[in-house]
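Below: one structure, written as structure tokens.
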Amino acid sequence: MSSIQQNIEQITSQIRNAEQKCGRPPESVQLLAVSKTKPIEAILEAAQGGQVSFGENYVQEGVDKVKHFSEQHSNLNLEWHFIGPIQSNKTRPIAENFDWVHSIERGKIAQRLNNQRPEHLPALQVLIQVNTSGEDSKSGTSEAEVFELAELISSLPNLTLRGLMSIPANVSDYQSQLNAFSQLASLNNKLSDKYSGIDTLSMGMSGDMDAAVEAGSTMVRIGTAIFGARNYAK
Ligand SMILES: *Cc1c(COP(=O)(O)O)cnc(C)c1O
């Protein structure tokens, strides 16, 4: 077994343990493997070990990978999630190539993704990215604006709203992590009272996964703990 496959096995058992510790049913949390900056070979290793869902942050890099796998390894049936910031002039390749988008924070982006989603593909599965820390420097819509954006998205036929995503401030103490994640979870509950089909809470990364699971995450986004540290200098 490759080291990437071993890492996935280890993370998966960490997720199962976290679920069990807080009384959540096994497999209520899905693992999204964040492969940004990592080569095709690393993704292939993960996929050959059974990993299906991958997250990418950069449009061109992500599209190249999606195309490579649909052309060379269509049997693997990978699922691709766009999780990075979105500029409005880059929405088309995202709408044409990805299955999920976690990082919708403006109506204009939602509208463009809807208009550019090709007819032959199923609706794009989307999450609203929320800025739970309230810091101006962080991406995500404010909590106050979530419902307005949700109303717009639910009117768009080529998008399906599935829930919320956030990247909270990077803190190391468990209680602070838990507080930020619980805030998002309670917002997602309110959203699901209002809209049907809300079943996804994308939160938790390599450094704060356990708190995210305790707070109700259904999808953890793990990069470093699977593929190793990223080298942006290359
Ligand atoms: C890079 C990234 C991750 C993965 O972070 P790690 O700390 O490497 O696990 C998760 N979510 C988003 C939005 C990211 O950009």
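The values are calculated or read from the model by the stated rules, or taken from the named source; none is laboratory data. Keep in mind that this is a model prediction, so the values were computed, not measured. All Cβ positions, even for glycine, are placed from backbone atoms using ideal geometry, and neighbour counts span all protein chains on display.
Among the residues of the range 56-79, the ones that are touching a Gly at 6+ places or on another chain (Cβ under 7 Å) and not polar (S, T, N, Q) come to 2 in all. Once the range 208-234 is narrowed to residues that are surrounded by fewer than 16 Cβ atoms within 10 Å (Cβ to Cβ) and charged (D, E, K, R), the residue that is nearest to Ser154 (Cα to Cα) is Arg230. Could you please give the count of residues in the range 10-41 that are over 19 Å from the mean Cα position of the chain (by Cα), of a type in the set (Lys, Arg) and closer than 27 Å to Ser103 by Cβ? The qualifying residues number 1. In the range 1-76, counting only helices (runs of 4 or more DSSP H) that sit wholly within it, the ones holding 2 or more residues that are loosely packed, with under 12 Cβ neighbours inside 10 Å and either touching a residue at least 12 places away in the same chain (Cβ under 8 Å) or away from the ligand (no atom under 16 Å from the Cβ) (or both) span 3-21, 59-72.
Against the condition in contact (Cβ under 8 Å) with a residue 24 or more places away in the chain, of a type outside the set (A, V, I, L, M, F, W, C), away from the ligand (no atom under 14 Å from the Cβ) and surrounded by fewer than 22 Cβ atoms within 10 Å (Cβ to Cβ), how does Glu135 come out, does it pass? In short, yes. Of the residues Gln125, Gln111, the single one that is touching an Asp or Glu at 6+ places or on another chain (Cβ under 7 Å), at pLDDT 95 or above and not in a loop (DSSP other than H, G, I, E, B) is Gln125.
Residues are listed down the side, and each one gets a yes or a no for (1) more than 16 Å from the ligand (Cβ to nearest atom); (2) part of a helix (DSSP H, G or I); (3) exposed (fewer than 14 other Cβ atoms within 10 Å of the Cβ):
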site	(1), (2), (3)
Ala144	yes, yes, yes
Leu149	yes, yes, no
Pro157	yes, no, yes
Thr160	yes, no, no
Ile167	no, no, no
Asn170	no, no, yes
Gln177	no, yes, no
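The residues of the range 191-207 that are within 15 Å of the ligand (Cβ to nearest atom) and surrounded by fewer than 24 Cβ atoms within 10 Å (Cβ to Cβ), listed by number, are Thr200, Met205, Ser206, Gly207.
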